[in-house]
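Below you'll find the structure, written out as structure tokens, and then a few comments.
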Number of protein chains: 2
Amino acid sequence: MDLQPILVNGTWRQAKSPVGSFSPIDPSTAKSLEVSYPISSIAEVEEALEAGQAAANALFKTPPEAIAAFLEYFADSIESHVDDLVEIAHLETALPKEPRLKSTELPRTTNQLRQAARAARDRSWCRATIDTKANIRSKYGPLGGPVVVFGPNNFPFAFNSAAGGDFATAIAAGNPVIAKANPGHPGTTKIFAELAFECITRAGLPEAAVQLIYHLRPEDGLKLVGHPLVGATSFTGSRPAGLRLKEAAEKAGKLIYLEMSSVNPIFILSGALKERADSIASDLFTSCALGTGQFCTKPGLVVLARDEHSEEFLQTVRKLFEQPPSGFLLGQSVLDGIESALKTMKNAGAQIVTGGEKLEGPGLRFANTLLRVSGDIFLQNPAALQQEAFGTVTIVVFAKDFDQMTKVAAALEGNLTGSIYSHSADRDENLYGQLEPILRRKVGRLLNDKMPTGVAVSPAMVHGGPFPASGHPGFTAVGIPASLLRFAALHCFDNVRPNRLPAELQDKNPTGHMCRLIDGEWTQRDI
Amino acid sequence: MDLQPILVNGTWRQAKSPVGSFSPIDPSTAKSLEVSYPISSIAEVEEALEAGQAAANALFKTPPEAIAAFLEYFADSIESHVDDLVEIAHLETALPKEPRLKSTELPRTTNQLRQAARAARDRSWCRATIDTKANIRSKYGPLGGPVVVFGPNNFPFAFNSAAGGDFATAIAAGNPVIAKANPGHPGTTKIFAELAFECITRAGLPEAAVQLIYHLRPEDGLKLVGHPLVGATSFTGSRPAGLRLKEAAEKAGKLIYLEMSSVNPIFILSGALKERADSIASDLFTSCALGTGQFCTKPGLVVLARDEHSEEFLQTVRKLFEQPPSGFLLGQSVLDGIESALKTMKNAGAQIVTGGEKLEGPGLRFANTLLRVSGDIFLQNPAALQQEAFGTVTIVVFAKDFDQMTKVAAALEGNLTGSIYSHSADRDENLYGQLEPILRRKVGRLLNDKMPTGVAVSPAMVHGGPFPASGHPGFTAVGIPASLLRFAALHCFDNVRPNRLPAELQDKNPTGHMCRLIDGEWTQRDI
């Protein structure tokens, strides 16, 4: 069986001396698909890095208009190939074609690309700052090396390493991308890279602005992220892998942005529980079961104070969880991860309320699983009891009182999100005021009366948070233009002659409407 | 001899079980001053961290107006104690009282504090971003834990851990500070902390918003920066120490901002050399000798192409360097560092043109030192030949032609700055166009026809750059408001009830003029 070609240095070609090969599975059957992809050697990675470096140099001189055009051509091209993309992504992930892949995730992906194009064209993202008196001018610019994107398994389109949010924003900020496909959906990623590559040529971008490899040995992944030619890495995936890559990159002085794990705690205050336990239970289950629980923002931990309504709430949730799972797990490693997390939680004293077992085939399926634990036991071993389990798995912590709820909040690691449900009038206001400051510093996004699984592509969105949810709480992976800043360096020009300045820093506003901070004032005017 | 008191948790007190003590030296005599400071134990560090955590919680609810008032009171108070500060800083560093300490560095320090106060009061730095349709609102907020500041030896005022730029911006962003004094000027730092502490009480800030310890064992420093209660660390100092702290912090998932080393290359193009070699030589020497060469932005590497003017240029520089050093080195470790760097460079093939020896006492003095090396030899061992030597030490690289100059540029590590001198008309324009893109990505601040030692406190300034100059090229240590962002986390509020939002994200603009990004438009209006 021939191996699928990789895209390196402007050419689709067979991998040179691959160190192995792999075939993705169809999660609905748990059987391998009849197509093989190479595991690339470090020599091939270095070839891609060198081409990426040359592309970074060329992109540095490429007008933002060409970069924006590329992103828009690519979005158009994706829309012309919807059926192919949906077909292969469904095959590789078993995610439903409708509405998930075709009507939700694909439009989100093209929307991100177009928003990134608008940001590139608008140029305000680069925060041009000019001190006319001192003649010092600065802006964000590209990193000077390719951005390596490791995409996750759970969003074959919207977080795809060759088309998703990281890809779009790295390119919009002027960096080439080396896409490292998620081995769960290499075929989907290959189609994206094919379409992107066609658009690159059309837009006049350097040929190595997009490159694709499918897989690496773990030790070669570590070499890649710490390589001197890398600009930055973005990684969305498991915590153990993320931590290893983080250490390798940072030891070499390289940037890495990580999204690693999150249990997305839901705190239900007593007034809300009394007022609307059933609707919260229903929201919780719906949010947990979305994408068969394989969302980074799935609510995996619920905290409430034991009272006359709490046990009934749990039973309502239990009934909802007792229905069969809505879909398949994305891979064997996801199933193994659930089993491992459940074992850790059970060993630490959690009890299974329902579920807890994998289901018979066909395909990779795990029963919806609800656990419970007391606040006392949680506080004895908080690390073990805030395990991320990627699937429809949630643990309910029964605190003995509100004070213990705040202690549970204080014992949380960093998370992407945290939600507080409170009484619709002001009955819980006092409790909210005590809990919020504790939870605020543990999460990137704080929600009221809302489950966290909808991650709107909005300029105000933050998809990030304190470690270990991410590697740096000052950045976001979703929300344009802010998410471009991950892939940017500050470039200052001190006494640089006017004709040598980048257009964004010259006296004349290059677009007529780009926002610049000139002598302390945000303005669209010329100097 | 009694040990000087530390400031922990709102109290000036003797260190509890210190693990040692130290006395600073007077660099002009190389003799110890008759005053001793404790080396704190890790238990004491943990006490400070716990108090800092409580102060972080309290500061989270402190109005920006109180934070701004504190910074302004502190600036005023410093101005009321100029003579004391100048006296002790001169004693501890041997830096000249005039103009350096009193008329240059002290006004810079109070200026930074007042700029930070204005930023805190203005609030625009937090980049409030509001999506009214989705009702998602976000801004930068404090980190949720104390910021540890390790100040450098070379700026006892402007980069002091208890009064300098990092201190001012960490506080302005809403974080408490644990100042780790530079052991070169603990007495200066103690006075700053005393003044700051008085102002804290007056402004109504939590008492542990400023704490001071003087020194730690190296292993305890590593524990400090990786401690779960730390918000972030900022470190300005030597590369070996910086790299050890970086690894310890990042392994624990903690933020650390570093300014570690820079040789600040100066490229002189042929037209400039022909046109004004003497004036460039004079600029170079003046810049190198500022502060006895102990500036982070000292030009330590000069690159030119060998031609009929290059040898004469070197001889002009040599004559300037042959004068005796203008001052003292800040400590024995600085002198040891120069000797070690020179040894490394000589072993790699550099030749001493003048200097190269320490001078007889009194005090710590080293001859102004000029080295030379060919481009061929430089390119054989670029790592050894771009040593930072903190002192009036510079190496001139004689490239065989312009092409080799670009290769030298490509072989540079990340630097804070890089300068290009070119012909005053357009004779060097073609060369500039080839060199600039290579140098651009190696430096934070690119200069034309100017030496890098003036680091203006301007919103457009970037004092940072690619590794190893700093740890992240997207941040700056100088330049308010941008430098506040190092000490900030993104806080998103999704569907949060209006009365629970921070003032900066409520419909009404809290100051009437703070800039916010509302539905894609930067505006000062209310919603």
Subset of segment A:143-158 [open to solvent by 20 Å² or more (accessible area, probe 1.4 Å) and facing another protein chain (nearest Cβ under 8 Å)] | A:Leu143
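Scan segment B:380-391 for residues that are in contact with a strand residue (DSSP E or B) (Cβ under 9 Å, 6 or more places away or on another chain) and open to solvent by 10 Å² or more (accessible area, probe 1.4 Å) and report the count.
Selection size over segment B:380-391: 2.
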Which one of these does B:Pro481 not meet: (1) in contact with a helix residue (DSSP H, G or I) (Cβ under 7 Å, 6 or more places away or on another chain); (2) under 20 Å from B:Ala172 (Cβ atoms); (3) at the interface with chain A (Cβ under 8 Å from one of its Cβ atoms)?
-> (3)
So which of B:Leu431, B:Leu435, B:Leu412, B:Leu385 is closer than 29 Å to B:Pro324 by Cβ, touching a residue at least 12 places away in the same chain (Cβ under 8 Å) and of a type in the set (A, V, I, L, M)?
-> B:Leu385
Selection from segment B:486-507 of residues surrounded by 19 or more Cβ atoms within 10 Å (Cβ to Cβ) and assigned to a helix (DSSP H, G or I) yields B:Arg486, B:Phe487, B:Glu504, B:Leu505
Subset of segment B:332-358 (residues that are crowded, with 23+ Cβ neighbours inside 10 Å and either without any contact (Cβ under 8 Å) to a residue 24 or more places away in the chain or not in a helix (DSSP H, G or I) (or both)) = B:Ala350, B:Gly355
Within segment A:188-201, of all residues that are more than 20 Å from the chain's Cα centre (by Cα) and modelled with pLDDT of 95 or more, the one surrounded by the fewest Cβ atoms within 10 Å (Cβ to Cβ) is A:Glu198
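Among the listed residues B:Ser279, B:Ser234, which satisfies the condition of being closer than 23 Å to B:Glu413 by Cα, of a type in the set (Ser, Thr, Tyr) and either more than 13 Å from chain A (Cβ to nearest Cβ) or in contact (Cβ under 8 Å) with a residue 24 or more places away in the chain (or both)?
Matching residue, one of B:Ser279, B:Ser234: B:Ser234.
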Determine the pairs where a residue that is without any contact (Cβ under 8 Å) to a residue 60 or more places away in the chain, located within segment A:32-45, has a partner that is open to solvent by 10 Å² or more (accessible area, probe 1.4 Å) and part of a strand (DSSP E or B) with Cβ atoms under 9 Å apart, the partner being 6 or more residues away or on another chain.
-> A:Ser32/A:Phe22; A:Ser32/A:Ile25; A:Ser32/A:Asp26; A:Ser36/A:Leu3; A:Ser36/A:Ser21; A:Ser36/A:Phe22
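Given the structure, is B:Leu85 assigned to a helix (DSSP H, G or I) and touching a residue at least 40 places away in the same chain (Cβ under 8 Å)?
Values: assigned to a helix (DSSP H, G or I): yes; touching a residue at least 40 places away in the same chain (Cβ under 8 Å): yes.
Yes: the conditions hold for B:Leu85.
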Among the residues of segment B:449-465, count how many are modelled with pLDDT of 95 or more and at the interface with chain A (Cβ under 7 Å from one of its Cβ atoms).
-> 8
Go through segment A:62-82 and give me each residue that's assigned to a helix (DSSP H, G or I), within 20 Å of A:Gly187 (Cβ to Cβ) and of a type outside the set (S, T, N, Q).
-> A:Phe74, A:Ile78, A:Glu79, A:Val82
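For segment B:305-319, which positions are touching a residue at least 24 places away in the same chain (Cβ under 8 Å) and either open to solvent by 70 Å² or more (accessible area, probe 1.4 Å) or more than 22 Å from B:Gln386 (Cβ to Cβ) (or both)? If you could, list the steps in order and put the result at the bottom.
Of the residues in segment B:305-319, the ones touching a residue at least 24 places away in the same chain (Cβ under 8 Å) are B:305-307, B:309-310, B:312-314, B:316-318.
Hits for segment B:305-319 are B:Arg306, B:Asp307, B:His309, B:Glu312, B:Thr316.
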Of the residues that make up segment A:434-441, is at least one touching a helix residue (DSSP H, G or I) at 6+ places or on another chain (Cβ under 7 Å), over 30 Å from A:Ser483 (Cα atoms) and surrounded by fewer than 24 Cβ atoms within 10 Å (Cβ to Cβ)?
-> yes
Condition met for B:Ala15 (more than 19 Å from B:Asn160 (Cα to Cα), in contact (Cβ under 8 Å) with a residue 12 or more places away in the chain, more than 14 Å from chain A (Cβ to nearest Cβ) and open to solvent by 10 Å² or more (accessible area, probe 1.4 Å)) = yes
Only residues in segment A:54-80 that are closer than 18 Å to A:Lys139 by Cβ count as the first member; pair them with residues that are surrounded by fewer than 18 Cβ atoms within 10 Å (Cβ to Cβ), Cβ under 6 angstrom, at least 6 apart or cross-chain, and list the lot.
-> A:Phe60/B:Pro437
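Every residue, every condition in (1) touching a Leu at 6+ places or on another chain (Cβ under 9 Å); (2) open to solvent by 20 Å² or more (accessible area, probe 1.4 Å); (3) within 28 Å of B:Pro27 (Cα to Cα), yes or no:
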{"residue": "B:Glu92", "(1), (2), (3)": "yes, no, yes"}
{"residue": "B:Glu98", "(1), (2), (3)": "no, yes, yes"}
{"residue": "B:Gly141", "(1), (2), (3)": "yes, no, no"}
{"residue": "B:Thr169", "(1), (2), (3)": "yes, no, no"}
{"residue": "B:Pro176", "(1), (2), (3)": "yes, no, no"}
Looking at (1) touching a helix residue (DSSP H, G or I) at 6+ places or on another chain (Cβ under 6 Å); (2) surrounded by 24 or more Cβ atoms within 10 Å (Cβ to Cβ); (3) more than 10 Å from every other protein chain (Cβ to nearest Cβ), which is the only condition A:Asn415 fails?
-> (1)
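Taking the stated definitions as given, is B:Glu219 open to solvent by 30 Å² or more (accessible area, probe 1.4 Å), more than 14 Å from every other protein chain (Cβ to nearest Cβ) and out of contact with any helix residue (DSSP H, G or I) (no Cβ under 9 Å at 6 or more places or on another chain)? I'd like the intermediate steps shown before the answer.
Numbers: open to solvent by 30 Å² or more (accessible area, probe 1.4 Å): yes; more than 14 Å from every other protein chain (Cβ to nearest Cβ): yes; out of contact with any helix residue (DSSP H, G or I) (no Cβ under 9 Å at 6 or more places or on another chain): no.
Considered against the rule, which asks whether it is open to solvent by 30 Å² or more (accessible area, probe 1.4 Å), more than 14 Å from every other protein chain (Cβ to nearest Cβ) and out of contact with any helix residue (DSSP H, G or I) (no Cβ under 9 Å at 6 or more places or on another chain), B:Glu219 comes out as no.
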For segment A:103-134, how many residues are surrounded by 22 or more Cβ atoms within 10 Å (Cβ to Cβ), among the hydroxyl-bearing types (Ser, Thr, Tyr) and more than 10 Å from chain B (Cβ to nearest Cβ)?
-> 2
Open to solvent by less than 10 Å² (accessible area, probe 1.4 Å) and under 27 Å from A:Gly164 (Cα atoms): does that describe A:Gly471?
-> no
Test A:Phe267 against the stated conditions and say whether it is surrounded by 18 or more Cβ atoms within 10 Å (Cβ to Cβ), away from chain B (no Cβ under 14 Å) and of a type outside the set (A, V, I, L, M).
-> no
Which of (1) assigned to a strand (DSSP E or B); (2) more than 10 Å from every other protein chain (Cβ to nearest Cβ) does B:Pro510 not meet, given it meets every other one?
-> (1)
Identify, from the list A:Arg239, A:Arg202, the residue that is out of contact with any strand residue (DSSP E or B) (no Cβ under 6 Å at 6 or more places or on another chain), within 14 Å of chain B (Cβ to nearest Cβ) and in contact (Cβ under 8 Å) with a residue 12 or more places away in the chain.
-> A:Arg239
Quick check: is even one residue across segment A:487-497 free of Cβ contacts under 8 Å to residues at least 12 places away in the same chain, at negative phi and within 8 Å of chain B (Cβ to nearest Cβ)?
-> yes
All-but-one check, A:Ala249 against (1) in contact (Cβ under 8 Å) with a residue 60 or more places away in the chain; (2) open to solvent by less than 20 Å² (accessible area, probe 1.4 Å), failing number (1)
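The values are calculated or read from the model by the stated rules, or taken from the named source; none is laboratory data. Source: prediction; values computed, not measured. Here the Cβ is made from the backbone with ideal geometry for all residues, glycine too, and neighbour counts use every protein chain on show. Remember, those area values only see protein heavy atoms, side chains included, never the ligands or the DNA or RNA. Shrake-Rupley method; radii C 1.70, N 1.55, O 1.52, S 1.80 Å.
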